[in-house]
Amino acid sequence: QPDEKPSLVVTGSFFTRYELREGYDDIGRNHPRYRESDFVFYRARLGLQTTPIDIGKGKHVVLTLEPQASGFWADKPNTLTDGALNIHQGSMRIVAEDYWIDAGRFEMSYGDHVVIGNVGWHQTGRSFDGIRSRISLEKGWVDLFATQVQEDPFDVAPFASGDKYFNGVYAGLGPMLGEDVVLDAYLLNHVLPRTSEDTELGLQFTLGSRYKNNFGSVDVRAEAGVQVGTGALEQLAFQGEAEVGSKLGKTRIAAVGWYASGDDPTTSKNEGWDQLYPTAHKFMGLADIAGDRNNIMGGMARVRHPLDDIGLGADAHVFLQPEPTGDNDAFTGVEVDAWALKSLGKGLGLRCGYSIFAPNEDGAFGTSDLAHYVEVQLAFALK
């Protein structure tokens, strides 16, 4: 409820993380963020949010500003140069009885981050520019959003058609089925840019659903979607993921399987799944070698176990390609991730992790040389 005299609520998150990658050059993983190297990354966010400000007619406003500094140690040319301070979030929320509206720059995270996530692990993270509204239902909710993710700075295309837009409807309908049931449905739309007057405007639609529930000590999760594209992008693609887990005392074990279609070069359509804006790091292996959720299938065994103030976890992945390139085997490789999270106090934690990736010499990477990833992170969250 609105306060008579609005005040500021302060939040923050800070981390410093050492990362070591070895063997990435041998397997041709040359992505700028995941190349063979050792870096110390940092991120500092300080969030400022007003308490509700009454604007009359049963409505109030909440203002949010979250500056961020992020990068890696010694990314500046000398010690007399400071890193840039940018705005990670800056928005105005108008709140009424049955709905709210955000306008500005804001994070978006839905479900398990399979299609839309904030990539909280990354030193910069992800946020969107646009407008978003949530409408409350008797049981559940519906979000509507319209965002712009690319501006054409050179006007090489007709008015507005050099821009890229991401729009959607995302609904949480689980309460209609039961108190503990999660059932999401979404329809997402990309408006893809034209690079000249002779290029068709591309439209992409993603229709998907997510389900999650517990049955005693067993929990299940499933998500699937289909994509179609028209105009500049003639597309027909799909993806699916399912997880079944069980608790044995404090220990949780789970099995996960996924499939994301790849493009068949012998057809006129693009059958490759566009992963959109996920937090892919949490699904496709912490070493970030297997790549995007595109032309990939596989499975994972997962174990989680708490020990007092230490959390332990391990994942074992198997990766394959539905559409192997050339004469390559479909089998890509295996990855094992292990990590430990130690609580050092309220909001303060230390995480250590190690990943090893073993590629198939006859697969996409063309080598059997091992690749290694190590991380050590110290983080604090003020809530």
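The values are calculated or read from the model by the stated rules, or taken from the named source; none is laboratory data. These numbers were taken from a predicted model, which means no experiment stands behind them. Quick reminder, even Gly has a Cβ in these numbers, built from the backbone with ideal geometry, and neighbours come from all protein chains shown. These area figures cover heavy atoms from the full protein model, side chains too; ligands, DNA and RNA do not enter into them. Shrake-Rupley method; radii C 1.70, N 1.55, O 1.52, S 1.80 Å.
Within segment 360-383, count every residue that is aliphatic (A, V, I, L, M), surrounded by fewer than 17 Cβ atoms within 10 Å (Cβ to Cβ) and at pLDDT below 95.
First pass over segment 360-383, keeping only residues aliphatic (A, V, I, L, M): 364, 370-371, 374, 376, 378-379, 381-382.
Adding the requirement that they be surrounded by fewer than 17 Cβ atoms within 10 Å (Cβ to Cβ) leaves 370, 374, 376, 378, 381-382.
So of that shortlist, the ones also at pLDDT below 95 come out as 382.
Residues meeting the conditions: 1.
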When every residue in segment 256-309 that is of a type in the set (D, E, K, R) and in a strand (DSSP E or B) is compared, the one most open to solvent (accessible area, probe 1.4 Å) is 304
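Residue-by-condition table, conditions (1) closer than 16 Å to residue 20 by Cα; (2) open to solvent by 40 Å² or more (accessible area, probe 1.4 Å); (3) out of contact with any Gly (no Cβ under 6 Å at 6 or more places or on another chain):
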position: 34; (1), (2), (3): yes, no, yes
position: 42; (1), (2), (3): yes, yes, yes
position: 52; (1), (2), (3): no, no, yes
position: 61; (1), (2), (3): no, no, yes
position: 64; (1), (2), (3): no, no, yes
position: 70; (1), (2), (3): no, no, yes
position: 75; (1), (2), (3): no, yes, yes
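Which one is surrounded by the most Cβ atoms within 10 Å (Cβ to Cβ), of the residues in segment 231-242 that are in a strand (DSSP E or B) and without any contact (Cβ under 8 Å) to a residue 40 or more places away in the chain?
First pass over segment 231-242, keeping only residues in a strand (DSSP E or B): 235-242.
Checking the rest, the ones that are also without any contact (Cβ under 8 Å) to a residue 40 or more places away in the chain come to 235-238, 240, 242.
Working: 235: 21, 236: 14, 237: 23, 238: 17, 240: 17, 242: 16.
Step by step, filter segment 231-242, then rank; the result is 237.
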Scanning segment 320-345 for residues that are outside any strand (DSSP E or B) and farther than 15 Å from residue 294 by Cα, the one modelled with the lowest pLDDT turns out to be 326
With the first residue restricted to segment 17-30 and required to be farther than 13 Å from residue 374 by Cα, and the second required to be in a loop (DSSP other than H, G, I, E, B) and among the basic types (Lys, Arg), Cβ contacts under 9 Å at 6 or more apart or on different chains are 25/35; 29/35
Counting only residues in segment 227-271 that are out of contact with any Pro (no Cβ under 9 Å at 6 or more places or on another chain) and of a type in the set (Lys, Arg), the one nearest to residue 204 (Cα to Cα) is identified as 269
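Looking at segment 329-354, which of its residues are in contact with a strand residue (DSSP E or B) (Cβ under 7 Å, 6 or more places away or on another chain), within 17 Å of residue 296 (Cβ to Cβ) and not β-branched (Val, Ile, Thr)? Break it down into steps so the answer makes sense when it comes.
Let us first name the residues in segment 329-354 that are in contact with a strand residue (DSSP E or B) (Cβ under 7 Å, 6 or more places away or on another chain), namely 330-344, 347-354.
With within 17 Å of residue 296 (Cβ to Cβ) added as a condition, the list becomes 330-335, 337.
Result: 330, 331, 333, 335, 337.
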The strands (runs of 3 or more DSSP E) lying entirely within segment 1-61 that contain at least 1 residues which are aromatic (Phe, Trp, Tyr) and within 30 Å of residue 82 (Cβ to Cβ) are 8-22, 37-50
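Restricting segment 93-112 to residues that are of a type in the set (A, V, I, L, M, F, W, C) and buried (at least 20 other Cβ atoms within 10 Å of the Cβ), which is farthest from residue 279 (Cα to Cα)? Before the answer, list the steps.
First, the residues of segment 93-112 that are of a type in the set (A, V, I, L, M, F, W, C): 94-96, 100-101, 103, 106, 108.
Among the residues that remain, those that are also buried (at least 20 other Cβ atoms within 10 Å of the Cβ) are: 106, 108.
Details: 106: 16, 108: 11 Å.
In this case the residue turns out to be 106.
Just to be sure before I move on: is residue 124 under 18 Å from residue 279 (Cα atoms) and surrounded by fewer than 19 Cβ atoms within 10 Å (Cβ to Cβ) in the structure I sent? Explain how you work it out, then say what you get.
Values: under 18 Å from residue 279 (Cα atoms): yes; surrounded by fewer than 19 Cβ atoms within 10 Å (Cβ to Cβ): yes.
Yes, satisfied.
Which of the residues that make up segment 160-184 are hydrophobic (A, V, I, L, M, F, W, C), open to solvent by 20 Å² or more (accessible area, probe 1.4 Å) and touching a Gly at 6+ places or on another chain (Cβ under 8 Å)?
Residues of segment 160-184 hydrophobic (A, V, I, L, M, F, W, C): 160, 166, 169, 171, 173, 176-177, 181-183.
Retained after the next criterion (residues that are open to solvent by 20 Å² or more (accessible area, probe 1.4 Å)): 160, 169, 173, 176-177, 181-183.
Within segment 160-184, 173, 176, 181, 182, 183 meet the criteria.
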Counting only residues that are of a type in the set (S, T, N, Q) and within 22 Å of the chain's Cα centre (by Cα), segment 345-383 contains a total of 2
